[in-house]
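One structure is given here, and the rest of the page talks about it.
The values are calculated or read from the model by the stated rules, or taken from the named source; none is laboratory data. Note that the coordinates shown come from a computational prediction; the quantities given were computed from them, not determined experimentally. When we count neighbours, we look across all protein chains shown, and the Cβ atoms used for this are built from the backbone with ideal geometry, even at glycine. These area figures cover heavy atoms from the full protein model, side chains too; ligands, DNA and RNA do not enter into them. Shrake-Rupley method; radii C 1.70, N 1.55, O 1.52, S 1.80 Å.
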Amino acid sequence: MVSTVRHPGPTAGAPHGGRSRRRTAGGALAGVALTTAAWHIGPAVTWLPAFRRVLTPSLDGRGHPGHVALTFDDGPDPDSTPYFLQMLEQLSVRATFFLLGSALERHPDLGRALLAGGHELAVHGWDHERPWRPAPRRDAQEIARAVAVVERISGGRPIWYRPPYGILTAGRWSAARRSGLRPVLWSAWGHDWTQRADPVSVLSEVLAGVRGGSTVLLHDSDRVSAPGSWRAALGALPGLVHACHASGLTVGPLDEHGVGVRRPRGARARWRAAAEVAGLRSGGATETVRRTTQPADARGA
């Protein structure tokens with residue numbers, strides 16, 4: 001009797017099994033990509049004011065209820081920063097300047113001028129790039145590089161970090177922490193980067209959100225904004241400072257702000273009441289801006 005050995009041949013299920021494995025591998029890769037993307041961009045939800053106001057008040061820049069922190073982004077810029085230095089000196093106000101490391105490296109004298117004016121230097125990154133693709137190594141290198149430039153100019157390590165566009169990714173957050181920086185965004189801003197902005201509109205936007213304990217964001221450069229838009233922020237400064245002082249608030253840099261201090265109950269209502277008394281919400285602030293931005297001879301000075 002002859003026995004017949006049957007060799008297993010290709011089965012109908014074999015090709016489908018290969019495709020199934022490929023689909024499984026593809027799904028796993030897609031899952032890794034989605035997880036990486038979520039890790040990277042997830043913290044950027046803090047850009048939403050309502051979210052960080054409730055869940056991360058320190059990141060929102062909430063500080064001492066009797067103080068308003070004045071901050072500027074995107075400098076130093078030789079075409080505009082000197083005007084802010086002059087205006088702040090006239091107003092007897094100090095501020096925090098979030099500087100781009102690449103700009104500070106090109107203009108170290110402006111960094112020294114800021115220090116001589118009593119202002120605080122902080123880190124805004126190396127360049128003003130959007131962070132949509134994960135690049136944790138690059139983030140760490142560029143933030144560390146910016147810190148080194150600030151430290152070389154000022155003689156001390158900076159404290160604060162604000163990412164470009166306020167987009168705080170996981171990579172940037174981690175890099176800032178490794179460099180010993182505290183991330184902080186803002187509580188009120190002036191939309192001063194647009195072509196439509198003028199001193200009146202900027203002041204109106206800021207006063208709509210500012211109160212005791214707020215951190216105000218303005219820009220002392222137009223390098224990533226509409227050309228000449230910095231003039232709107234500059235023109236709004238006198239009105240903003242006068243409005244805060246009229247409401248019993250001091251204005252200064254973040255290092256005097258006490259970020260993380262809890263506001264007493266009713267502080268927001270007291271700010272609104274004081275602002276109404278001073279006429280800040282009913283046109284008084286607008287008139288202040290118009291007076292302070294007119295030429296001296298037009299004001300009768």
For this session: Name every residue in the stretch 96-147 that is open to solvent by 10 Å² or more (accessible area, probe 1.4 Å), of a type in the set (Phe, Trp, Tyr) and within 30 Å of HIS67 (Cα to Cα), in order of residue number.
Result: TRP126
Exercise. Across the stretch 153-171, which residue is nearest to VAL206 (Cα to Cα) among those that are open to solvent by 20 Å² or more (accessible area, probe 1.4 Å) and not polar (S, T, N, Q)?
Worked result: TYR165
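Condition check ((1) of a type outside the set (S, T, N, Q); (2) in a helix (DSSP H, G or I); (3) farther than 19 Å from PHE84 by Cβ) across all residues:
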site: GLY125; (1), (2), (3): yes, no, yes
site: ALA140; (1), (2), (3): yes, yes, yes
site: ARG145; (1), (2), (3): yes, yes, yes
site: ARG152; (1), (2), (3): yes, yes, yes
site: GLY156; (1), (2), (3): yes, no, yes
site: TRP173; (1), (2), (3): yes, yes, yes
site: TRP186; (1), (2), (3): yes, no, no
site: HIS191; (1), (2), (3): yes, no, no
site: THR194; (1), (2), (3): no, no, no
Exercise. Going through the stretch 160-181 one residue at a time, which ones are of a type outside the set (Phe, Trp, Tyr), within 15 Å of THR71 (Cα to Cα) and modelled with pLDDT of 95 or more?
Worked result: ARG162
Exercise. Is there any pair linking a residue in the stretch 213-234 that is within 30 Å of PRO65 (Cβ to Cβ) to one that is assigned to a strand (DSSP E or B) and open to solvent by 30 Å² or more (accessible area, probe 1.4 Å), with Cβ under 9 Å and at least six apart or on different chains, and which?
Worked result: VAL216/TRP189; LEU217/TRP189; LEU218/TRP189
Exercise. Does any residue in the stretch 243-256 that is assigned to a strand (DSSP E or B) come within less than 8 Å, Cβ to Cβ, of a residue that is among the basic types (Lys, Arg) six or more places away or on a different chain, and which pairs are these?
Worked result: GLY252/ARG94
For this session: Identify the single condition in (1) within 27 Å of PRO82 (Cα to Cα); (2) in contact with a Gly (Cβ under 6 Å, 6 or more places away or on another chain) that ARG231 does not satisfy, given that it satisfies every other one.
Result: (2)
Exercise. Which of the residues spanning the stretch 185-212 are among the acidic types (Asp, Glu) and buried (at least 23 other Cβ atoms within 10 Å of the Cβ)?
Worked result: ASP192
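Let's see how each residue does on (1) in a loop (DSSP other than H, G, I, E, B); (2) more than 13 Å from the chain's Cα centre (by Cα); (3) at pLDDT 95 or above:
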site: VAL54; (1), (2), (3): no, yes, no
site: PRO57; (1), (2), (3): yes, yes, no
site: GLY61; (1), (2), (3): yes, no, no
site: VAL68; (1), (2), (3): no, yes, yes
site: PHE72; (1), (2), (3): no, no, yes
site: ASP79; (1), (2), (3): yes, yes, yes
site: PRO82; (1), (2), (3): no, yes, yes
site: LEU85; (1), (2), (3): no, yes, yes
site: LEU88; (1), (2), (3): no, yes, yes
For this session: Give the stretch 173-184 a look and list any residue that's touching a residue at least 60 places away in the same chain (Cβ under 8 Å) and surrounded by 23 or more Cβ atoms within 10 Å (Cβ to Cβ), or say none.
Result: VAL184
